[in-house]
Each structure stands twice: as C-alpha cells, then as structure tokens.
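Read the structure below first, then the notes.
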Amino acid sequence: MTEATTTKTEHGVITLDPSPVQPDNSGLGQLSRGRRPAWLRVKAPAATGKVQELRGLFRGKHLHTVCEEAMCPNMGECWSRGTATFLLMGDTCTRSCGFCKIKTGRGAPLDPDEPRRVGESIAAMGLQHAVLTSVNRDEQPDGGAWVFAESIRWIRELQPGCTVEVLIPDFKGDWAALQTVMDARPEILNHNTETVPRLYRTVRPQAKYMRSMELLQQAKAMDELALTKSGIMVGLGETWDEILQVMDDLRAHDVDIMTIGQYLQPSRFHLPIVRYYTPEEFERLREEGEARGFKWMESGPLVRSSYHADGQAHLSLRRDVGRDGS
C-alpha cells in the first residue's frame, strides 16, 4: 500500500492521501493526481463576437467578473451564451484561501456607483437571471453587504423581471449584514461550503465550517421564500464519507441546491490536486444528493457555483408566483 506523503505550499503543510475516497463498494475507479484527464480539458474562450462584446462591456463599465478573475473553465461556454457572473467590490480579497486564483490584499475603497453600473450592464445584456458574487472585504464594517443590496435594487429597476442569485461571503458571522442582503430579496442566496470540515484549516484558513452552515440557516429564516444554495470542490483530499456528511449537514440546515465540481489547481503556488474524480463518481454523488432531498443537485467535473444557475432560478419562480422583489 502506498504511504501518504506531505507537500509544503505557501498555505502550509498538507498530507496527500493517495486514495482518499473510500471504496464504499461502489466499483467506481479512482484516478490519482497526474495529467489532467480528457473530460477536464476545455478550450480557451474563442474570441467570438459575443465574447468580445461582453469583454468590451465589462471594461467600459469598469466591472470585474469571477469568470476571468478565478479562471473559470466554463467561461467560454457561458460568455458565448451571453451570461457571466459579476464580481463586486474589486478584484482583491482580504482572505487567502488555498484554492482561489483571486489575489489577496487590501482592496481599493468601495465604489458607491458600482451597483448602478452592474444594473446597466445586466440590462444591456438582456439577462433574465443575474449572478452576483464578491471578494471578501473583511475590513468593511458590514463586509460590503450594502453593495449586494444596492446592486439588486438597480437590477430590479433597470431590468424588471430578472431574477437574482447572490453568492456571498460569510460576513464574519455578522447577521445584520446578512439581513441587509436578504432585505433586498434575492431569489437565490448562495454561500459555498467549499470543502469538508477536516480540511478547512488548509483550504479556508479564515473561515469556519459551522459559521457557513449557520449563515445558510439564518438566510432561510430571514426570507423563507428564498432558495438557499451551497457548493463544494472535490479532489483536495476528502473522503467519500466526508462528502456525504457535508450533504447531510446542508440538508439539516434546509439548503435547497447543492453543486459539486472538481478542484483544479490555478497555479503551482496553490493547493495541489490530490486526485481526479471520474464522471461516474460525479454521477454517483448527484444521485446521493437527490436521494437526500435537494431540490436541484448539480454534480460534474466542470461544475462551478453558477453553472446552470438560470435553470435553478425557475425553482423560485414556481414557488413564488407574483413576487415583485420590492
């Protein structure tokens, strides 16, 4: 049996288990880290008219997208369809998560006009569903919650009928900040768990697993009509049982939607990939989630938080007929 090894990164020393996923009698193959498998190879975004159009729009409005900043593998697909995920509050994060491509540091002062420009861009794109996320701005009194709220209000004004998903930070457990966001009534409140509790110290050193769970539960309590959503990456050294436990924890906190995707190392300075999961294993995880009662379970090698988000929004429309977002 191969012994576990340790690797030193800028985020600390981590243990690499060569077969971290328990067999579980599933009969599924286990692919260790190494050359990226064929199902994870994607083409760089083609310089199509739509991609160029969106790039010009975002540059002209001085806006950022997580598609570019986090090197999302689905950028070409989404931008070609005319969709994108907006990154609020700049391109610099106050946290240093071991998996994330976004740079760490102290960001520029928040721009009070950014929410209007976001609304204008969404109207120009003609979106029927918008996804907003942000960097962490822990130095701000409310973590920048007001930027989310104002952006939602501008979207309601400039693109009536557009549903909104917000992927928010944990605001360091400031539930008043969370209330600011929920008062703007997004259709979907997303906060990613990212990984299993055992790996938090390495993967999310400034976050707390149970704080994330509590945030999702608090959001549902603040607006029972909002859908709550969370996601994790796999391939960082978690076990199969640990993944299932995260599913159970999310359902225990009344989360409606879950996403699972393969972790891809943005650079050699980020956490290494411990293993690649096969498409069959992702399908098995999707079935496990559906069996636990998630209203929507998105699981696949290239799945990211906002993947197929427009389809998920229809769940809210069916539950909440006639809601005007005011």
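Against the conditions (1) in contact (Cβ under 8 Å) with a residue 60 or more places away in the chain; (2) farther than 22 Å from Trp296 by Cβ; (3) of a type in the set (Ser, Thr, Tyr), Thr92 satisfies every one except (1). What about Pro169, is it of a type outside the set (Gly, Ala, Ser) and surrounded by fewer than 20 Cβ atoms within 10 Å (Cβ to Cβ)? Judged against the criteria, Pro169 is not a match. Out of the stretch 287-296, which residues are in contact (Cβ under 8 Å) with a residue 24 or more places away in the chain and more than 17 Å from Glu242 (Cβ to Cβ)? Result: Gly293, Phe294, Lys295, Trp296.
Would the stretch 192-207 turn up any residue that is of a type in the set (A, V, I, L, M, F, W, C), over 17 Å from the mean Cα position of the chain (by Cα) and over 23 Å from Asp256 (Cα atoms)?
Within the stretch 192-207 (the criterion being of a type in the set (A, V, I, L, M, F, W, C), over 17 Å from the mean Cα position of the chain (by Cα) and over 23 Å from Asp256 (Cα atoms)), the answer is yes, since at least one residue qualifies.
Let's see how each residue does on (1) within 18 Å of the chain's Cα centre (by Cα); (2) surrounded by 22 or more Cβ atoms within 10 Å (Cβ to Cβ); (3) under 23 Å from Gly231 (Cβ atoms):
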| site | (1), (2), (3) |
| --- | --- |
| Cys93 | yes, yes, yes |
| Lys101 | yes, no, yes |
| Arg117 | no, no, no |
| Ile122 | no, yes, yes |
| Ser134 | yes, yes, yes |
| Pro141 | no, no, no |
| Ile155 | no, yes, yes |
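When His270, His253 are checked against the criterion of being touching a Ser or Thr at 6+ places or on another chain (Cβ under 9 Å), modelled with pLDDT of 95 or more and not aliphatic (A, V, I, L, M), His253 stands alone in meeting it. Inclusion of Glu288 among residues that are over 15 Å from the mean Cα position of the chain (by Cα), assigned to a helix (DSSP H, G or I) and over 15 Å from Asp256 (Cα atoms) is not warranted.
Pairing each residue of the stretch 234-254 that is over 16 Å from Glu194 (Cβ atoms) with any residue that is part of a loop (DSSP other than H, G, I, E, B) and of a type in the set (Gly, Ala, Ser), provided the two are 6+ apart or on different chains, yields C-beta distances under 9 Å for Trp240/Ser26; Arg251/Gly293.
Does the stretch 127-146 hold any residues that are among the small types (Gly, Ala, Ser), at pLDDT 90 or above and farther than 15 Å from Pro109 by Cβ, and which are they? Matches in the stretch 127-146: Ala145 only.
The values are calculated or read from the model by the stated rules, or taken from the named source; none is laboratory data. Quick caveat, the model's predicted, so the values are computed rather than measured. Reconstructed Cβ throughout: ideal geometry from the backbone, glycine too, with neighbour counts over all protein chains shown.
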